[in-house]
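For reference, the structure discussed in these notes is given below.
Laboratory data are not the source of any read-out in this text; all were calculated from the coordinates shown. This is a predicted model, so every value here is computed, not measured. FYI the Cβ positions are ideal-geometry reconstructions off the backbone, even for glycines, and counts take in every protein chain you see.
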There are 2 protein chains.
Amino acid sequence: MLQHLLEDHGLRATQPRLRLLEFFAGTRGHFTPEEIFGHLRAQGQPISIATLYQNLRTFSEHGLVKEMIGQEGEVRYDTNMEPHSHMVCVRCGRLTDIHVELPDLRPPAQGHGWLIMQTRVDFHGLCPECQARA
Amino acid sequence: MLQHLLEDHGLRATQPRLRLLEFFAGTRGHFTPEEIFGHLRAQGQPISIATLYQNLRTFSEHGLVKEMIGQEGEVRYDTNMEPHSHMVCVRCGRLTDIHVELPDLRPPAQGHGWLIMQTRVDFHGLCPECQARA
DNA sequence: TTACGTGCAAACGTTTTGCACAAAC
DNA sequence: GTTTGTGCAAAACGTTTGCACGTAA
């Protein structure tokens, strides 16, 4: 129950928050604030843009969504909290999550005194549709 | 000679462009437009903010600098045109280039019909200074 | 001399903030 | 009844644009 999810994080279960959570629960993807705003309005469940931004931040601070930076620098939110990699289509911009077994990718950095805690891998290429179109 | 570099790309050798190139030639790093603006002004060689943005775009379109998106979504420019990876300090934000031999990192994506053209690897961790401070 | 570049000021899109009001507990 | 959240309108932010003027070729 979405109401409980909020309560468990010490957040009040308000209409805008429930609508936002419902949106996230019903979709898979990585959305910009503007896209989310549009979806909610299209569903006849508009929330104020200020409230949207405030709650996206609140949610991400409480670990309900993950904030990420897109290839163009846009801020995007998704609910896949598992560590995962991305495939990005260089033509249409489509972004898909994938799970990759990372081999022990150890940079020579360890020799330079860095302590590497996380390795992030992104793949860029052409999605099936864009290949077909080319 | 910086003048020739511009001419070779069909660009006029103007004062602002020479100052900008001089800045890039004299530093190593990944700078935001604002940082570059500040450096130039501090050196007593200010250029207009509009001219700066216009030329950063022009330079990157002509392959003189590379535009990249930072961890926070900021736009940054650097002159290291070789393919390389980044190490980012999660505490102080310091960003260093490194060269990593990528093993044949092939995502299961090939099976999903994607054509992967490029793999980007970023390392996140603690730089030596921040480790010492902790 | 003519095309290109500069730089101001204004416009822009996105995100944040101040604050009075409303809703949740 | 007290605290928390909402939503408007305004501000802030980084970036882009229109345009008259300057300058490189």
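For the stretch A:2-78, what is one quarter of the convex hull surface built on the Cα atoms, given in nm²?
Averaging across all directions leaves 4.8 nm² for the Cα convex hull.
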So, in nm and shortest first, the distances from A:Thr27 to its counterparts in the other copies, with label points 7 Å along Cα→Cβ, work out as 3.8
Compute the helix-to-body angle for B:15-25: its Cα long axis versus the longest principal axis of chain B, expressed 0 to 90° and rounded to tens.
40 degrees
Could you work out, residue by residue across A:122-133, how many beta carbons of other chains sit within 10 Å of that residue's beta carbon, and then give the average as an integer?
4
The protein assembly as shown: percent of C-alpha pairs farther apart than 22 Å?
67 percent
Starting from the stretch A:1-84, pick out the trypsin sites (Lys or Arg not before Pro) whose DSSP state is loop and whose Cβ has at most 12 other Cβ atoms within 10 Å.
A:Arg12, A:Arg28
Dimensions (Å) - the stretch A:54-94, Cα atoms, principal axes, largest first
34, 21, 11
The answer for the net charge of residues other than B:Leu126 whose Cβ lies under 11 angstrom from its Cβ, with Lys and Arg +1 and Asp and Glu -1, is +2
First select every other residue whose beta carbon is under 10 angstrom from the beta carbon of A:Asp97; then total the charges, Lys and Arg +1, Asp and Glu -1.
-1
Could you work out the mean count of beta carbons from other protein chains within 10 Å of each residue's beta carbon in B:40-50?
0
Compute the acute angle (0 to 90°) between the alpha-carbon long axis of helix A:49-61 and the principal axis of greatest extent of the alpha-carbon atoms of chain A; round to the nearest 10°.
50 degrees
In degrees, nearest 10, range 0 to 90: what is the angle between the Cα axis of helix A:33-42 and the longest Cα principal axis of chain A?
40 degrees
Largest-first principal axis extents, alpha carbons of chain B, Å
50, 44, 25
Using a simple charge model, +1 on the beta-carbon of Lys and Arg, -1 on the beta-carbon of Asp and Glu, nothing else, what dipole does the protein assembly as shown show about its Cα centre, in debye to the nearest 20?
420 debye
Between A:His99 and A:His9, how many nm apart are label points set 7 Å from Cα along the C-beta direction?
2.3 nm
Report, in deg cm²/dmol and to the nearest 500, the calculated mean residue ellipticity at 222 nm for chain A, where each DSSP H run with n ≥ 4 adds -39500 (n - 2.57) and the sum is divided by the residue count.
-10000 deg cm²/dmol
